[in-house]
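Working notes, structure below.
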Amino acid sequence: MSKKWILSTGLALSVAIIGACSNGDGGENSSDNNNGNEEQQSEENSNNNNENNQQEESNEGSSDQQASGNNEDSGNNQSSGNNNDSGEQQSQDLPEPDLSDVPDVVATVNGEEITKEEFEPIFTTNYEQYAPQAAASGDQSNEELQSNLKEQTAESLINQELLVQEAKAGDYEVKEEDVDEQVSSLKEQFESDEEYQQALEEQGYTEEELREEARTSLQIQALLDEELEDVEVTDKEVEEMYNQMTQGQGEDAGSLEDLRPQIEQQLKSQKQQQQQQEYTDQLREDAEIENNVASESEENSNSEE
């Protein structure tokens, strides 16, 4: 079976890589860090809304003020353009992802191999997304980022493989119309059938392999629906997160009721991710796992000491 993970439905554990790599922590802290990222993103969205409101207010004034504002905006735009150019230049100056130390067999899970071919596109995509942020923050070197990201990518693929094996063992029945719906949803992301077929070819997929992955992802979702509990969000939790998000914003903060749907969805997502991580941790206890990326990383660390 093809395991390139193009669909990723029911395989959301890879999201936890983000938090783990941003601070160089291990997998145990990935869920907490990811939650922090989500809270930060919500705060940024709220701040952006406030900035937009302030900008609209600043546009009201005399023609002289507007003229002066235009001159200032012109200077700001030039400055912004220079910053953007600097950011683009920084992205161009980043080292290429280094996969030379990644073994052909990244990990083995209950005898099932996870190959470098499966590992490479996921690692590369995440590296290209987060390397500019790491470079800008200066919290860790590019070498440290790549090392942490390799280990976390391998751990994520191990968790995904455990879910696949458990779902297959459960023999969950999947309706063909559900497979059709998922494949159709993917096709809708392309403007034409030609583009869709080209994407399949570039990813090394056949239609049947794509349908098989869709079927597997639906089996995993059925497994998680059976094993995980429904999550509930209390008013107290919503209020606490609202207070965290709007701290220091004063009158510019949106109302609790306006932000409630966003906060509730965020809290549910956090709880679902935590449950899924706990479930995969249970699967790992009874599994035979060999993480060759982690082993090499630890050996290098020990040799340096």
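The values are calculated or read from the model by the stated rules, or taken from the named source; none is laboratory data. Keep in mind the model is a prediction, meaning the values are calculated, not measured. Ideal geometry is used to build each Cβ from the backbone, glycine not excepted, and the neighbour counts take in all protein chains shown. Only protein heavy atoms, including side chains, enter the accessible area calculation; ligands, DNA and RNA are left aside. Shrake-Rupley method; radii C 1.70, N 1.55, O 1.52, S 1.80 Å.
Each residue in the stretch 217-249 was checked for being basic (Lys, Arg) and under 30 Å from Gln182 (Cα atoms), and 0 pass.
Inclusion of Leu186 among residues that are of a type in the set (A, V, I, L, M, F, W, C) and in contact (Cβ under 8 Å) with a residue 12 or more places away in the chain is warranted.
When the residues of the stretch 185-203 are filtered to those that are under 19 Å from Glu118 (Cα atoms) and open to solvent by 40 Å² or more (accessible area, probe 1.4 Å), the one that is modelled with the highest pLDDT is Glu201. Scanning the stretch 237-259 for residues that are assigned to a helix (DSSP H, G or I), open to solvent by less than 80 Å² (accessible area, probe 1.4 Å) and in contact (Cβ under 8 Å) with a residue 24 or more places away in the chain yields Glu237, Val238, Met241, Met245, Thr246, Asp252, Leu259. Scanning the stretch 113-143 for residues that are surrounded by 13 or more Cβ atoms within 10 Å (Cβ to Cβ) and either more than 25 Å from Asp93 (Cβ to Cβ) or modelled with pLDDT of 95 or more (or both) returns Glu113, Ile114, Thr115, Lys116, Glu118, Phe119. For Gln146, the requirement of being open to solvent by less than 20 Å² (accessible area, probe 1.4 Å) and at pLDDT 90 or above is met. No other residue among Gln262, Gln272, Gln282 is of a type in the set (S, T, N, Q) and either more than 24 Å from the chain's Cα centre (by Cα) or open to solvent by less than 80 Å² (accessible area, probe 1.4 Å) (or both) apart from Gln262.
Among the residues making up the stretch 210-236, those that are in contact with a Leu (Cβ under 6 Å, 6 or more places away or on another chain) and either open to solvent by 30 Å² or more (accessible area, probe 1.4 Å) or of a type outside the set (Gly, Ala, Ser) (or both) are Glu213, Ile220, Val233. Looking at Glu161, is it open to solvent by 70 Å² or more (accessible area, probe 1.4 Å), within 26 Å of Thr280 (Cα to Cα) and either touching a helix residue (DSSP H, G or I) at 6+ places or on another chain (Cβ under 6 Å) or modelled with pLDDT of 90 or more (or both)? No: the conditions fail for Glu161.
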